[in-house]
1. Kindly rank 218-229, 19-30, 156-167, 280-291 from highest to lowest mean number of other beta carbons found within 10 Å of each residue.
2. Where does the Debye-calculated log10 I(q)/I(0) of the chain sit at q = 0.06, 0.07 Å⁻¹, using only Cα point scatterers of equal weight, no solvent?
3. Leaving out same-chain residues fewer than 8 places away, which aspartates and glutamates sit with a Cα under 20 Å from that of residue 10?
4. Once amide H atoms are placed 1.01 Å from N in the peptide plane, what residues at a sequence separation of 5 or more from residue 303, or on another chain, have their amide H within under 5 Å of its amide H?
5. Express the carbon and sulfur contribution to the solvent-accessible surface of the chain as a percent, rounded to the nearest whole number, probe 1.4 angstrom.
6. Could you give the C-alpha radius of gyration of the stretch 187-322 expressed as a fraction of 2.2 N^0.38 Å, taking N as the number of residues it contains?
7. Most mobile of 140, 32, 240 per a Gaussian network model of the chain (Cα springs, under 10 Å)?
8. Please give the Cα centre distance for the stretch 194-216 versus the stretch 18-47, rounded to the nearest Å.
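The values are calculated or read from the model by the stated rules, or taken from the named source; none is laboratory data. Computed from a predicted structure; not experimentally measured. For neighbour counting, all protein chains shown are included, and Cβ atoms are generated from backbone atoms with ideal geometry for every residue, glycine included. The area values use the complete protein model at the heavy-atom level, side chains included, leaving out ligands, DNA and RNA. Shrake-Rupley method; radii C 1.70, N 1.55, O 1.52, S 1.80 Å.
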Amino acid sequence: MDLLDTLTAKGLRGEVPTREEALAVLATTDDELLDVVAAAGKVRRRWFGRRVKLNYLVNLKSGLCPEDCSYCSQRLGSKAEILKYTWLKPDQAADAARAGVAGGAKRVCLVASGRGPTDRDIDRVTDTMAAIKDADPEVEICVCLGLLSDNQAERLKAAGADAYNHNLNTSEGTYGTITKTHTYADRVDTVQKAHGAGLSACSGLIAGMGESDEDLVDVVFALRDLGSDSVPVNFLIPFEGTPLAKEWNLTPQRCLRILAMVRFVNPDTEVRIAGGREVHLRSMQPLGLHIANSIFLGDYLTSEGQAGQTDLDMIKDAGFEVEGAGEATLPRHRADVAEADRAGGGCGTAASACGSGGGCGPCGGHAHTSDASAPEAVPSEAVSPAAVAESGAEDELRSDLVKVRRRGAGTELAPNA
Ligand code: SF4
């Protein structure tokens with residue numbers, strides 16, 4: 001197939017495809033799916049070998065957010081029956097992080113709900129990072145606290161943070177239908193603040209919110225332009241109690257096509273299968289490892305993942321290996337560019353200029369709400385007809401597939417790692 005030969009050749013050279021080529025990946029048929037996975041797999045192995053980076057989420061503060069992100073179970077007016085708690089103490093967070101590191105994670109992701117941190121919150125996270133690094137100086141720490149004010153990124157960097165996560169989530173054109181309490185530009189600004197302070201930028205997307213193929217390609221190219229070092233690909237978890245509770249627009253095949261498109265556009269960047277992996281890829285998860293080089297171990301912020309040991313078994317059975325603490329994630333040339341960008345206080349890859357970014361990590365939840373102050377759900381006409389036809393989207397709640405997290409951080413029960 002000419003398209004896949006072209007994309008493979010470009011990917012092996014570290015080149016980015018055209019927008020039309022990226023759209024064509026999303027338009028491939030199920031008969032072509034294994035060829036698409038194989039082509040993306042060649043690119044993945046060129047830059048990342050058979051390594052899988054494990055990341056571990058610690059939800060420092062859960063629920064009760066004043067923002068209205070439609071996809072999020074922690075949002076204003078959410079009726080989702082998630083765990084709600086305020087800031088974990090540093091030793092509690094360090095205990096949770098330790099479980100993830102013992103399970104094989106090399107990066108711990110410290111996430112808190114909210115519009116953005118106060119300076120006191122930065123102090124709390126500073127103390128938490130110190131407790132984690134005291135126990136394991138090698139562990140990478142990524143922080144995700146929402147929109148940053150001036151000088152907060154610099155404080156996090158000085159306190160030992162390695163990366164900052166703030167997802168773009170969707171295209172600039174669609175953003176206003178998903179969230180009304182902040183803008184796409186706000187998110188871009190925070191990613192740029194983090195990058196400018198010398199933090200590695202982690203910024204990704206959520207697929208399955210009713211966006212078109214063009215929206216997906218827009219956001220993935222924007223992430224490339226933004227110079228994100230890691231791109232988490234979330235698949236919407238339609239939490240009961242959120243506006244997007246009935247948005248079941250994804251099939252395992254479409255998820256694999258989306259992952260492949262993200263890989264071709266980001267051949268030498270960490271591509272992570274994030275929230276929704278178990279819910280939407282289901283038994284096809286191992287094929288996703290041929291495209292992505294990174295996953296979350298165990299549970300998500302507000303929903304449960306499969307058992308951590310099952311993640312490890314899956315990686316081994318599929319012929320991959322867990323990336324060790326001493327191994328570099330990014331290929332040398334890509335790490336050099338990222339380092340130069342950070343040293344220069346700018347953002348963007350060698351191939352691109354500044355873009356945009358922002359937002360919380362893989363919240364893994366959504367809530368239907370009758371709160372009058374909440375935004376309307378994404379209008380149904382925003383859903384790609386092709387996506388609906390492909391998925392046979394079910395206009396129903398699928399609570400059998402979405403399990404609210406009841407263990408780990410904020411509970412008396414052991415974490416899943
Ligand atoms: S994604 Fe973040 S900012 Fe948006 S509602 Fe959820 S916790 Fe709040």
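1. Details: 218-229: 24.7, 19-30: 16.4, 156-167: 22.4, 280-291: 19.8.
Ranked by mean Cβ neighbours within 10 Å, highest first: 218-229, 156-167, 280-291, 19-30.
2. Those come out to -0.20, -0.27, one per q.
3. Residue 10 reaches 2, 20, 21, 32, 35, 218, 225, 229, 268, 270.
4. The answer is 405.
5. Details: 7500 of 14870 Å².
Here it works out to 50 percent.
6. Working: Rg = 14.9 Å, N = 136, 2.2 N^0.38 = 14.2 Å.
Against the empirical 2.2 N^0.38 Å value, I get 1.05 for the stretch 187-322.
7. With Cα springs under 10 Å in the chain, the top fluctuation among 140, 32, 240 is at 32.
8. 20
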